[in-house]
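Notes follow the structure.
The values are calculated or read from the model by the stated rules, or taken from the named source; none is laboratory data. The shown structure was predicted, so the numbers you read here are calculated from the model rather than taken from an experiment. Because the Cβ atoms are built from the backbone with ideal geometry, glycine has one as well, and the counts that use them run over all protein chains shown.
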Amino acid sequence: MIHSKNSNPETDVLIIGAGIAGLLAATEIKKSGHRVIVVDKGRGVGGRLATRRIGQATFDHGAQFITARHPRFAAAIQEWEKAGVVTEWYRNSGTHSEDHPRWRGNSGMTAIAKYLAKDLSVFPGNRVISLVNDSKRFVAIFENNEKIFANSIILTAPVPQSLELIKSGGIELATKMKNRLESITYEPCIAVMAITDGPVKIPSPGGFAPESGPIAWIADNYVKKISTIPAVTIHANASFSSENWEKDRKEVGKELLMAAEAFLVSDVVDYQVHGWLYSKPVGVSEDACLIVCDYPPLILAGDAFGGPSVEGAALSGWEAAVCLKTLIE
Ligand SMILES: Cc1cc2nc3c(=O)[nH]c(=O)nc-3n(C[C@H](O)[C@H](O)[C@H](O)COP(=O)(O)OP(=O)(O)OC[C@H]3O[C@@H](n4cnc5c(N)ncnc54)[C@H](O)[C@@H]3O)c2cc1C
């Protein structure tokens, strides 16, 4: 599935996770001439930079926009804007909203990931189930029993998933590091994507964070200009999401649609529900990435290290690339 002609490929660097952290780390490492392979269990690239199509409707159902505080990330956004990948969505949406640009992907948030992936060797649809350290290199074992032999690894999955992979391959962690990683938890988020038979009434700029009730965020992807027909994304807040996590998703979706009635105005003709178990990390690590093992190198990166946002994950990916290059060059 990974390489039709070579079922057990070798690489200098294997990056697990084609979210923003993994893709930016890969881009940096490739520039230095190393062989890099990126794999992801998802059907496409982007991770939580996620866009879904339902019929004619398009929804951003993960990250809604990106912002930049760090000059390096701000410069990357400028480059993506020039390349036609992102557009400023809005700056200020009301009295409680800070005046700084919020950027959206031109065809949805996955546009950013697709742009970054285009010159990389990225293989979606490949779930790693175990990571084995054979003392000189790593063996990544996939669901279908294929393997990749890698001289080094950057692991960008949410921390609980990364820990599972590390444990399942028998890689030992020092107690302090293990405890630190186990203390990183994530807020869940139940997301509803609804198609309505007419315009909806979400205040300008088409994205809004209600101050009370179960809804943390509601957005009109039509006004956001990524959908050609009315398409509403609703994100439940963390407490509603965890209280209702185990319940029937369609029923929970219905409850959220009822809570959103005042904004929807038109009838809902179809809806889907997605659960983000690892939506945003709580208890982010102080370091922008974590070197688990010097030789062969194994580094953890992602928003749990750089900060709970697309920007934080990006900064972590870049830092992981620097750390890895220091170890292998
Ligand atoms: C509902 C929601 C709303 C958000 N809103 C915003 C927002 O408006 N602005 C903002 O800046 N941030 C927002 N965020 C946070 C932001 O999306 C994340 O911080 C960021 O995208 C994380 O990037 P990452 O690369 O660290 O992780 P991810 O994007 O999660 O990438 C990790 C990848 O690893 C893959 N993976 C995991 N396990 C395996 C395995 N075993 N084998 C292969 N692949 C594996 C996953 O499939 C995933 O693609 C939001 C997140 C959610 C869920």
Among the residues that make up the range 85-99, is at least one of them among the small types (Gly, Ala, Ser), touching a strand residue (DSSP E or B) at 6+ places or on another chain (Cβ under 6 Å), surrounded by 13 or more Cβ atoms within 10 Å (Cβ to Cβ) and in the same structural domain as Arg43 (by TED's automatic domain parsing)?
no
Check on Leu116, over 16 Å from Tyr278 (Cβ atoms), of a type in the set (A, V, I, L, M, F, W, C) and at pLDDT below 95
no
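Restricting to the range 267-317, name every residue that is acidic (Asp, Glu) and more than 14 Å from the ligand (Cβ to nearest atom). Write out each step before concluding.
If we filter the range 267-317 for residues that are acidic (Asp, Glu), which is where we start, we get 267, 270, 286-287, 294, 303, 311.
Within the range 267-317, Asp267, Asp270, Glu286, Asp287, Asp294 qualify.
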Residue satisfying all of: in the range 133-144; surrounded by fewer than 16 Cβ atoms within 10 Å (Cβ to Cβ) and within 14 Å of the ligand (Cβ to nearest atom); farthest from Val86 (Cα to Cα) among these
Asn144
Just to be sure before I move on: is Ala262 away from the ligand (no atom under 12 Å from the Cβ), touching a residue at least 40 places away in the same chain (Cβ under 8 Å), surrounded by fewer than 17 Cβ atoms within 10 Å (Cβ to Cβ) and on the phi < 0 side of the Ramachandran plot in the structure I sent?
yes
All positions within the range 282-317 that are at pLDDT below 95 and crowded, with 24+ Cβ neighbours inside 10 Å
Gly306
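Looking at this structure, is Tyr186 farther than 21 Å from Ser309 by Cα and at pLDDT 95 or above? Working first, answer last.
Numbers: farther than 21 Å from Ser309 by Cα: no; at pLDDT 95 or above: yes.
It is false that Tyr186 is farther than 21 Å from Ser309 by Cα and at pLDDT 95 or above.
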Sort out which residues of the range 154-208 are more than 26 Å from Leu298 (Cα to Cα) and away from the ligand (no atom under 16 Å from the Cβ), and write them in order of number.
Ile195, Thr196, Asp197, Gly198, Pro199, Val200, Lys201, Pro203, Ser204
Checked against (1) closer than 17 Å to Ile184 by Cβ; (2) in contact (Cβ under 8 Å) with a residue 12 or more places away in the chain; (3) out of contact with any His (no Cβ under 7 Å at 6 or more places or on another chain), Glu286 satisfies every condition except (2)
Subset of the range 83-127 (residues that are in contact with an Asp or Glu (Cβ under 8 Å, 6 or more places away or on another chain) and either among the hydroxyl-bearing types (Ser, Thr, Tyr) or part of a helix (DSSP H, G or I) (or both))
Thr87
